[in-house]
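Asks: Following this message is one structure expressed as structure tokens.
All of the numbers you see were taken from the coordinates with simple rules; none came from a lab. Bear in mind the structure is a predicted one, so any value in this text is a computation, not a measurement. Counting neighbours? That spans all protein chains shown, and the Cβs are built from the backbone with ideal geometry, glycine included.
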Amino acid sequence: MASLSEEVLLVVKKVRQRKQDGTLYLMAERVAWCPEGKDRFTVSHLYADIRCQKISPDGKAKIQLQLVLHTGESTTFHFANESSALKDRDATKELLQQLLPKFKKKANKELEEKNRMLQEDPVLFQLYKDLVVSQVISAEEFWANRLGGINNTDPAVVNNKQEVGISGAFLADIRPQTDGCNGLRYNLTADIIESIFRTYPAVKQKYSENVPHNLTEKEFWTRFFQSHYFHRDRINTGTQDIFSECAKQDEKGLKSLVIQGVKNPLVDLLSLEDKTLDEGYGICTTLPSTSNASKSVKDSSNSAIIKRFNHHSAMVLAAGSRKGETPTDQASETSSTDGNSRDSDFFQPPVKKVKLQEAIEYEDLQRENRPKTVALNLKKSDRYAHGPVPLQSQHYTTSQDIINSVNYIRHEMMNYKPNLTEVLSSTAASSAIAALSPGGVLMQAGAQQAINQMVPTEVQGELRHLYVAAGELLRHFWSCFPVNTPFLEEKVMKMKSNLERFQVTKLCPFQEKIQRQYLSTNLTGHLEEMLQTAYSKFHIWQTRRMMRKT
Amino acid sequence: MKLNIEGLLVYFPYDYIYPEQYSYMLELKRTLDAKGHGVLEMPSGTGKTISLLSLIVAYQRVFPLDVTKLIYCSRTVPEIEKVVEELRKLMEFYAKETGERNNFLALALSSRKNLCIHPEVSSLRFGKEVDGKCHSLTASYIRAQRHINPNQPVCRFYEEFDAVGRQVPLPAGIYNLDDLKDFGRRKGWCPYYLARYAILHANIVVYSYHYLLDPKIADLVSKELAKKSVVVFDEAHNIDNVCIDSMSVNITRRTLDRCQNNVDTLQNTIQKIKETDAAKLREEYRRLVEGLKEANVARETDVYLSNPVLPDEILKEAVPGTIRTAEHFVGFLRRFLEYLKSRLRVHHVVQESAPQFLKDIFDKVCIDRKPLRFCAERLHSLLRTLEIADIADFSAVTLISNFATLVSTYSQGFTIIIEPFEDRTPTIANPVLHFSCMDPSIAIKPVFQRFQSVIITSGTLSPLDIYPRILDFRPVTMASFTMTLARTCLCPLIVGRGNDQVALSSKFETREDFAVIRNYGNLLLEMSAVVPDGIVAFFTSYVYMENIVASWYEQGILENIQRNKLIFIETQDAAETSMALEKYQEACENGRGAILLSVARGKVSEGIDFVHHFGRAVIMFGVPYVYTQSRILKARLEYLRDQFQIRENDFLTFDAMRHAAQCVGRAIRGKTDYGLMIFADKRYARADKRGKLPRWIQEHINDGSLNLTVDETVQLSKHFLRQMAQPFRQEDQLGLSLLTLEQLESEEMLQKITQIAHQT
């Protein structure tokens, strides 16, 4: 169990457990304790199994830490190093505090996932009941295959969990509180910090540049909230402000966005006007202020706010769609422009055409294009379900044909002369009639279609469950071949015994039940056949193995 | 479907039709029959354009001699392109139904910036640069120089077009701007000049207002368009301002300085030419003696659209002797310039009429009225003679000479205001001479006179009767159509009070009131929680918006709004606003929802549609009155009162309400669309304001929703939105607001349709 590659995060010596001295190890995935003088862990808990940790109150003589597991068991460690017991305990506690949530989340997620799968898929749920609850196979075995299967079939779903967007108001959620002595307190959560980083990559860059070499995390955020960057309506920037560069970068980004222009020609205000008046003509009701100096500070701070809101919204929007868009972006990149206006000219029409077409569309004036469908209106749905047997590929006879043939038969019948020398004997005739009546030998084909009527529904349901369960087990069984690892070997043996157990506990009672109800026994024939095939495969494999061994 | 509009077979490229479209076509047909002008109001989103096109194209086919051309004027480039696309759809339908390709030629015309395919020139960003550069490659004298000096760069596309393009007419078809460029690229011809040439024989021309209304451009482009044309001004609710703008001139000190430079350049050039090529100047002199006969003959024989800058009288005369030689003219310009400079040195505001100005100029520098009138024409001739390539450089002197001609031609309809400083900054000297046109009818008069039918149409033209008055024409039909609706998909609400009963208003006295600002903020906040996807809010002016945004920011209202939706704000920079708009649409598209804060009369309110989820609610904060303290506006109001008997208040309210209607109308672009229209000002409840809203909005304001509080508004909105979110299918509309051909032809429906048109 104790693989050497495991990363040891913390080692605490002189930790007693059950009155025994030893060493406590905190590793990447588990916490373990080994008694002094031995090289084996006697206690080992995966973090995922731990529900919570408890510590002894500060004033107590014994400094202890208790781990409570999901199963309800608990383990208590006593920190016995006189000089540093408290420190040791606190270090352990801190580390555990960081580690446990991660695993808890994972464990919960898995549980949730399992729960969800069972809820969404009744067949699976039934299978779970059949196999796990009745203890044919263990839950772990059941899920090992299931979850893995899902992971394998479409990894995209699992890896690409849905990206959560950013709330537009995340900055508003940081409510400053006065702390009573001329100061402000900002409460930051990990979510908010992530939102800030995702929306303003420049801040993230600053963060990684400065923290922790130059500033502590706390200092960094203090500066952030003090900076004009956060209070964008302040115009004057201090030069020592580390965020002034961010502002400049933002400005640049905004500018480049503006220069890039818009893709949709219908919202491009620049090319909206066809012919602007020449300079000097026209009535200017709002005089364009030629001198910027005349603008008061208040005005420019107002326009700074407006700019800020536009930028903020654009960034939030971009952060939300950044991940998903990258592939498409690249695709469009190649097709669209590299800033060259002439290039874009060639590629513009398609977008423009589509937009124009959309704009002149009157959907309600057009007759709907798709062919009119008539809603299916069934009076007796079962008649629809097992309706008349479909006609095989035979010629359809027109009514004329039918009339002709009727006439022909009538004509034949009129001229019919019994050839009495070649008639059947009466016994042969009666047996033929018996064979041709319902239930007779020749009418067997017709009986097949009636199986769902012959067998009561609950039996059918049971049979279906059996099939599903057997299929599942067999799938496990067959997936072991070719058996090339000891693990698989072990598994195949287990699966074989599982199959046998299934046959004994599930299949046989069912067969007996059918027999009691006098139903035709070949209902389970196919199931048995499948099991037999598996057994024979197993035997072949086993004999071969024996031969190889000897 | 094929319709019978009073005996005219109209192909309509859809399977269904709105009743109001039918009604609209009826009115339009009557207007064309009477060969008169018409004013038609129909809500946006009811297929105005396609109705217009279907009927006029049908008319052109049946009566090819009565209506030879359709000139369709729209306001923005996307609008122009949309019209052409609709036309394409119609023509495809014709081809499908009749089985033959008709030989219609229809094309869009736009400025060089949108049509140029010259690799260097088209890469320039601004329209003016493109024009200037194009001119420097294609001017006649540059091309003449090339014969001597083959290294002189010219535009190969223009050369090719000039050599071949004029002989071969543009093949029939529908040409949008991009199609023209494609065609140009294939043939190697300049699409711009090709289009300008082709509009003369095209059946349908789609271009911007300015090509007809701005005398400087109309003279170049539209002069020779056939008299038997039908002119349509779409989105014409602002047409009077376009007219006025095109005739008004502002002169600053900078203009005069540049003009001074221009005059110096002219002087030098004349000196040079005199030494090398005196014959050229003599030739010009001779031509001027002959007079402007040529133009006069053309106009009398009805070939030309008259130019309001070039009034009829002066065409009959020759250029007066005092400015006939080039040196004399330059001297004359100098004197005029000095005079203007002296006028700009005033220290108080001066307002005077054109005759007063003329008298003053005669007294001070002895410049007569007559030479002034010929100033523009004389300069034009001189620039031609001197072979000046880059006209753009001479814009200042052209401006001054245009001003001279205008001020001496029109004794009425214009006013001169000289302001030594801006009102807000009385300490900084920045003198401006405003020569402002107050009478929009001057610019549009030639259009009404020349073309047999002029249709003025828009979604918001109420009250209808004011347009004929201020544009001074006599329409044969005036009608306002409502929108027939199977469900009331618009919900106009007037919010008069905050939850604390404070009256909401943007009027001057309460504009700075914190209670009002806070309540406006609350309204937006509450709506942002209720309305899905996009909300557009309009403020009365940019300054007002800035102030409100700032105080919302201080009060933390914006932060709370951000919890619900992202916020985007229009800025004064068009490129920035475009980006904000695109992001806004993106946010609506991906489900996050957004709010756009914008300004009435701004570019967004005039040119951008907010269809479906891009605008589920429009909030109009305040009544968008124009800035009333401006002297130009005051002069115009006075003029309107004296000349047209329109009271100041009536006009101001009319102007405010048409802009408000434009803003709120942005959200409804069709019958399947739906949206809230929230008027957040108690003044909207008054009859004089409400009565000036378009009928299709007015109808849906009920007495219960005249003075709501914010809470009540939220309740009503919730209810409305919940109803509207139900699925809405074609069958729900059929027979009510959407008709098949059979339904349309039923007696009962025809009866109903006659009521849709609201005659005034």
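Asks: Just to be sure I understand the model, the point goes 7 Å from the Cα along the line to the Cβ. What's the resulting A:VAL133 to B:ASP182 distance in nm?
Replies: The two pseudo-label positions are separated by 6.7 nm.
Asks: Within the protein assembly as shown, what percent of beta bridges assigned by DSSP are antiparallel, to the nearest 5?
Replies: Given both bridge residues lie in the protein assembly as shown, the antiparallel proportion sits at roughly 50 percent.
Asks: Let me ask another. Excluding B:LEU739 itself, what net charge comes from residues whose Cβ is under 11 Å from its Cβ, given Lys and Arg +1 and Asp and Glu -1?
Replies: Working: positive: B:LYS752; negative: B:ASP15, B:GLU20, B:GLU742, B:GLU745.
So the environment of B:LEU739 carries a net charge of -3.
Asks: Next question. Please average, across the residues of B:539-550, the number of beta carbons from any other chain that are within 10 Å of each residue's own beta carbon, and give a whole number.
Replies: Averaged over the peptide's residues, the number is 3.
Asks: Tell me, what is the FRET efficiency for A:ARG410 and B:ARG166 to the nearest 0.05, using R0 = 56 angstrom and their Cβ-Cβ distance as r? All intermediate terms of the calculation are to be shown ahead of the outcome.
Replies: Values: r = 88 Å, r/R0 = 1.56.
Here the calculated transfer efficiency is 0.05.
Asks: In degrees from 0 to 90, rounded to the nearest 10, what is the angle of the helix B:514-530 Cα long axis to the longest principal axis of chain B?
Replies: Roughly 70 degrees, rounded to the nearest 10.
Asks: Sum -39500 (n - 2.57) across every DSSP H segment of at least 4 residues in chain B, then divide by the residue count to get the 222 nm mean residue ellipticity, nearest 500.
Replies: -15000 deg cm²/dmol, from helical runs alone.
Asks: Add +1 for every Lys or Arg and -1 for every Asp or Glu among the other residues with Cβ under 10 Å from the Cβ of B:TYR339, and state the total.
Replies: Local charge sum for B:TYR339: +3.
Asks: Between A:ILE55 and B:LEU652, with labels modelled 7 Å along Cα→Cβ, what's the label distance in nm to one decimal, could you check?
Replies: 7.4
Asks: Across the residues of B:75-86, average count of Cβ atoms on other protein chains within 10 Å?
Replies: Mean partner shielding for this stretch: 5.
Asks: Ranked by Cβ crowding within 10 angstrom, fewest neighbours first, how are B:GLU638, B:GLU419 ordered? The partial results should precede the final answer.
Replies: Values: B:GLU638 13, B:GLU419 21.
Sorted ascending by nearby Cβ count, the order is B:GLU638, B:GLU419.
Asks: Still on this structure, please answer the following. For segment B:446-456, in order, what is each residue's ³J(HN,Hα) by Karplus, 6.51 cos²θ - 1.76 cosθ + 1.60 with θ = phi - 60°, in whole Hz (x at glycine and Pro)?
Replies: The phi angles translate into x, 5, 5, 6, 7, 9, 6, 10, 10, 9, 10 Hz.
Asks: Report, for chain B, the % of DSSP beta bridges that are antiparallel, rounded to 5.
Replies: Values: 23 of 78 bridges.
Around 30 percent antiparallel, to the nearest 5.
Asks: Here is a further query. So which of B:LYS359/B:LYS507; A:LYS129/A:LYS494; A:LYS355/B:LYS671 end up more than 31 Å apart, counting from Cα to Cα?
Replies: Working: B:LYS359/B:LYS507 42 Å; A:LYS129/A:LYS494 19 Å; A:LYS355/B:LYS671 19 Å.
Long pairs (Cα-Cα over 31 Å): B:LYS359/B:LYS507.
Asks: Moving on to the next point. Can you work out D for segment B:490-727 in µm² s⁻¹ from Stokes-Einstein, where Rh is the Kirkwood radius over C-alpha pairs, the temperature is 20 °C and the viscosity is 1.002 mPa s? Don't skip to the end; give the middle numbers.
Replies: On the way: Rh = 18.0 Å.
Taking Rh from Cα pairs, D becomes 119 µm²/s.
Asks: Taking the Cα of B:ASN103, stepping 7 Å toward and past its beta carbon, and measuring to each backbone N in segment B:48-71: which are under 12 Å?
Replies: No residue qualifies, since no backbone N sits under 12 Å from the label point.
Asks: How high is the relative contact order of chain B, in percent, counting Cα pairs under 8 Å that sit 6 or more residues apart?
Replies: Numbers: 1302 pairs, mean separation 131.7, N = 760.
Value for chain B: 17 percent.
Asks: Further question: Contour minus end-to-end for B:LYS507 and B:ASN268, with contour as 0.36 nm per residue of separation and end-to-end as the Cα-Cα distance? The partial results should precede the final answer.
Replies: Numbers: separation 239, 0.36 × 239 = 86.04 nm, distance 5.68 nm.
Computed gain between B:LYS507 and B:ASN268 is 80.4 nm.
Asks: Apply the Karplus parameterisation 6.51 cos²θ - 1.76 cosθ + 1.60, with θ equal to phi minus 60°, to every residue of segment A:536-541 and state each ³J(HN,Hα) to the nearest whole Hz, in sequence, with x for glycine and proline.
Replies: 5, 4, 4, 5, 4, 4
Asks: Follow-up question, since we're still on this one. With r as the distance between the Cβ atoms of A:SER74 and A:LYS537 and R0 = 41 Å, compute the FRET efficiency 1/(1 + (r/R0)^6) and round to 0.05. Show your work: numbers first, answer last.
Replies: Values: r = 47 Å, r/R0 = 1.15.
That pair, A:LYS537 with A:SER74, gives E of 0.30.
Asks: Just subtract the alpha-carbon distance of B:TYR339 and B:ASN261 from 0.36 nm times their residue separation and send over the number in nm, one decimal.
Replies: Working: separation 78, 0.36 × 78 = 28.08 nm, distance 1.60 nm.
Result for the pair: 26.5 nm of gain on full extension.
Asks: Tell me the angle of helix B:354-365 to the major Cα principal axis of chain B, expressed in degrees between 0 and 90 and rounded to the nearest ten.
Replies: The angle comes out near 30 degrees.
Asks: For B:LEU200 and B:ASN151 in one chain, what is 0.36 nm times their gap in residues minus the Cα-Cα distance, to one decimal in nm? Intermediate results must be reported in sequence, preceding the final value.
Replies: Details: separation 49, 0.36 × 49 = 17.64 nm, distance 3.39 nm.
So the extension gain works out to 14.3 nm.
Asks: Using the Karplus curve 6.51 cos²θ - 1.76 cosθ + 1.60 with θ = phi - 60°, work out ³J(HN,Hα) for each residue of segment B:36-53 in order, rounded to whole Hz, and write x for Gly and Pro.
Replies: x, 9, x, 10, 10, 10, 9, x, 5, x, 10, x, 5, 4, 5, 5, 4, 5
Asks: Right, here's the next one. Return a whole-number percent for the relative contact order of segment B:490-727, with Cα pairs under 8 Å and 6 or more residues apart as the contact set. Intermediate values should be presented prior to the final figure.
Replies: On the way: 399 pairs, mean separation 79.9, N = 238.
In percent, rounded to a whole number, it is 34.
Asks: Given H placed on each backbone N at 1.01 Å, which residues far from B:VAL206 in sequence or on other chains put an amide H within less than 5 Å of it?
Replies: For B:VAL206, whose amide H was placed from the backbone, the distant partners under 5 Å are B:TYR72, B:LEU107, B:ALA108, B:LEU109.
Asks: Please label the shape of segment B:157-275 as rounded, prolate or oblate, based on the square roots a ≥ b ≥ c of the eigenvalues of the alpha-carbon gyration tensor (a/c under 1.5 means rounded; beyond that, a/b larger than b/c means prolate, else oblate). Please report the intermediate quantities before stating the final value.
Replies: Numbers: a/c = 2.60, a/b = 1.32, b/c = 1.97.
Oblate.
Asks: What spacing in nm lies between the two simple spin-label points modelled at A:SER479 and B:GLU317, each 7 Å away from Cα in the Cβ direction?
Replies: Once both label points are built, they end up 10.4 nm from each other.
Asks: Efficiency by 1/(1 + (r/R0)^6): what FRET value for B:ARG424 and B:ASP642, r their Cβ-Cβ distance, R0 = 35 Å, to the nearest 0.05? Please list the in-between numbers first.
Replies: Working: r = 30 Å, r/R0 = 0.85.
The calculated FRET efficiency here is 0.75.
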